[in-house]
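Here the structure is laid out as structure tokens; the discussion comes afterwards.
What follows is calculated from the coordinates using simple rules that are stated; it is not laboratory data. This structure is a prediction, so every number in the text was calculated from the model and none was measured. Glycine gets a Cβ as well: all are built from the backbone with ideal geometry, and neighbour counts include every protein chain shown.
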Amino acid sequence: MGQYTKSAVKSYLCAMELLDGKLASKAIIDSLTLKVAQSKTEGKKIPHLAAVLVGNNGASETYVGAKVKTCAEIGFKSTLIRLEDDVTENRLLSVITDLNNDPDVDGILVQLPLPKHISDNNVINAIHPSKDVDGFHPVNVGKMVQGLPAFVSATPHGIMLLLEHYKIDTRGKHAIVIGRSNIVGRPMSILLSANTQPGNCTVTICHSHTHNLRELCLQGDIIVAALGRPEFVDASMVKPGAIIIDVGITRVPDTTKKSGFSLKGDVKFNEVAPHSSFITPVPGGVGPMTIAALMKNTFTACQERNDN
Ligand code: GUN
């Protein structure tokens, strides 16, 4: 229970609301579907996303599959390029050059992680910033840091859209971001501290070397758990009424499941939910929002490349 009394926790027991990423993402997907239908009737170009998948990592297969499926639902064109696990970095870079030069392709994503012999940075830097719908290229990261229009990494972008959907007033709140990855933690910390709504938070970013993590988390009005350790955040780390965003989605062996695994977030949901005012489930929270944000970025890329 940490430093909070049982009665303080109890007062939140009935107030918890689920941040339903399936619902919020559907609103975005539906709006994009309408826009694409309108583009079609106006004879405008249909957005085209090219996804590159290297090797056969099960989780990456699932994520890329979901992205391609969502493109089809919306009416986007998509191309999936599969490369063997032992593909050379040069071959992958030449695939990216071809996609950069293909006028029909609006957005390019290379699913991470990549095999160890390939440099993530070399691959990310090779994607043209105007097609970098993952928002990983230094040009887009730099613009995002400066508060300029940019493609923003889909997971933190999706979390901002989720907070916006539920009209959560984040102004002045203390956000604890656990994890400092380039994909989630670091951009999340920048977006939450920006002079925007959602935003205007005081942000503490925590990582594997952080001292007194539990005490810091207990100060959080918002906790974004993005460290990739199943059920790491427990009730003793959460202030009553905190807003909990769970980015984790780890496959944990589970013999009761046909697939042989179940998906676990970074938060002990059953234990933490009664302490929180809002919480994302896993699955069905941040995951669908990540895909919606990627689709939004792809639509924007198409508009910016073709409407001028
Ligand atoms: N791996 C984990 N998250 C992501 C993402 O948002 N984009 C890509 N390309 N790879 C990822």
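Given only helices, namely DSSP H runs of n ≥ 4 each adding -39500 (n - 2.57), what is the per-residue ellipticity at 222 nm of the chain, to the nearest 500 deg cm²/dmol? Numbers along the way, then the final one.
Details: 11 runs with 123 residues, N = 308.
The per-residue figure over the chain is -12000 deg cm²/dmol.
With the radius of gyration and the Kirkwood radius both derived from the Cα set of segment 97-205, what is their ratio Rg to Rh?
With Rg and the Kirkwood Rh in hand, the quotient comes to 1.02.
Between beta-carbons, use under 14 Å as the cut-off and find the net charge around residue 91, counting Lys and Arg +1, Asp and Glu -1.
-4
Taking amide H positions as placed in the peptide plane 1.01 Å from N, state which residues far from residue 83 in sequence (5 or more) or on other chains have amide H under 5 Å from it.
So residue 83 has HN proximity to 53, 54, 55.
Taking only C-alpha pairs under 8 Å that are 6+ residues apart, what is the relative contact order of the chain in percent?
Reported as a whole number, the value is 23 percent.
So for segment 177-240, Kirkwood radius off the Cα pairs, Stokes-Einstein at 37 °C and 0.692 mPa s: how many µm² s⁻¹?
Here the translational diffusion coefficient equals 271 µm²/s.
If you average the C-alpha positions of segment 271-292 and of segment 90-123 separately, how far apart do those two centres end up, in angstrom?
31 Å
Assuming a viscosity of 1.306 mPa s and a temperature of 10 °C, what translational diffusion coefficient in µm² per second does Stokes-Einstein assign to the chain, Rh being the Kirkwood radius over Cα pairs?
79 µm²/s
With +1 on the Cβ of every Lys and Arg and -1 on the Cβ of every Asp and Glu, and nothing else charged, how large is the dipole of segment 87-178 about its Cα centre, in debye rounded to the nearest 20?
Charge dipole, segment 87-178, about its Cα centre: 440 debye, nearest 20.
Please name whichever of 59, 250, 275 sits farthest to the positive end of the charge dipole of the chain, dipole taken about the Cα centre and charges placed at Cβ: Lys and Arg +1, Asp and Glu -1.
About the Cα centre, the residue reaching furthest to the positive side is 275.
Among 137, 36, 114, whose Cα projects farthest towards the positive end of the dipole of segment 1-159, with charges put on the beta-carbon of Lys, Arg (+1) and Asp, Glu (-1)?
36
Summing Lys, Arg as +1 and Asp, Glu as -1, what charge do residues with Cβ under 10 Å from the Cβ of residue 141 carry, residue 141 excluded?
+1
FRET efficiency for residue 82 and residue 166, Cβ-Cβ distance as r, R0 = 51 Å, nearest 0.05?
Once the sixth-power term is evaluated, E becomes 0.85.
For residue 241, which sequence-distant residues (separation of 5 or more, or a different chain) have an amide H within less than 5 Å of its own amide H, given hydrogens modelled in the peptide plane?
276, 277
Quick one: in segment 63-123, what % of C-alpha pairs are over 13 Å apart? Each step should come with its number before you reach the end.
Values: 1205 of 1830 pairs.
So the portion of pairs separated by more than 13 Å is 66 percent.
Can you tally the net charge around residue 155? Count Lys and Arg as +1, Asp and Glu as -1, for every other residue whose Cβ sits under 12 Å from the Cβ of residue 155. It would help to have the intermediate numbers written out before the result.
On the way: positive: 186; negative: 134, 246.
Spelling it out: positives minus negatives among the neighbours equals -1.
Once amide H atoms are built 1.01 Å from N in the peptide plane, which residues 5 or more positions from residue 203, or in another chain, come under 5 Å H to H?
175
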